[in-house]
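Report on the following structure.
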Amino acid sequence: MHAERILQHLKKHGQLADWEIASAMDITLTNVRDCLTKLSAKGDVSQCTVTRFLDGEPVEGMLCRIAGTIPPKAPGRKPNA
């Protein structure tokens, strides 16, 4: 089943866009989006809609991560509070 494989892939690689998952796992984008929607409904995955610009063209998709995880802080200097 694709949903379990996608969940394991997200656990290993962290926050990813749906097209990145589809490309890495050799699954159609439609199947990935269906699985992510089901995983999100179950509460296993957090997702949001994003627009990224690749070569100047807007690409719409879903950004996903395992529910309850927080991405690490970006490296570099932080503003003083």
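Some points to look at:
- Subset tally (residues that are exposed (fewer than 10 other Cβ atoms within 10 Å of the Cβ) and either of a type in the set (D, E) or in a helix (DSSP H, G or I) (or both)) for region 43-68: 2
- Failed item in (1) more than 15 Å from R5 (Cβ to Cβ); (2) part of a helix (DSSP H, G or I), with L36 passing the rest: (1)
- Conditions (1) under 10 Å from the mean Cα position of the chain (by Cα); (2) surrounded by 13 or more Cβ atoms within 10 Å (Cβ to Cβ); (3) not acidic (D, E); number of the one not met by N31: (1)
- Yes/no for L39 being closer than 25 Å to I70 by Cβ and either surrounded by 13 or more Cβ atoms within 10 Å (Cβ to Cβ) or polar (S, T, N, Q) (or both): yes
- Taking first residues from region 59-81 that are within 22 Å of D44 (Cα to Cα) and partners that are modelled with pLDDT under 75 and in a loop (DSSP other than H, G, I, E, B), the Cβ contacts under 9 Å between residues at least 6 apart in sequence or on separate chains come to R65/P71.
- Residue check: E20 meets all listed conditions (1) surrounded by 14 or more Cβ atoms within 10 Å (Cβ to Cβ); (2) in contact (Cβ under 8 Å) with a residue 24 or more places away in the chain; (3) not small (G, A, S) but one, namely (2).
The values are calculated or read from the model by the stated rules, or taken from the named source; none is laboratory data. Keep in mind that what you see is a predicted model, and the values were worked out from it rather than measured. Here the Cβ is made from the backbone with ideal geometry for all residues, glycine too, and neighbour counts use every protein chain on show.
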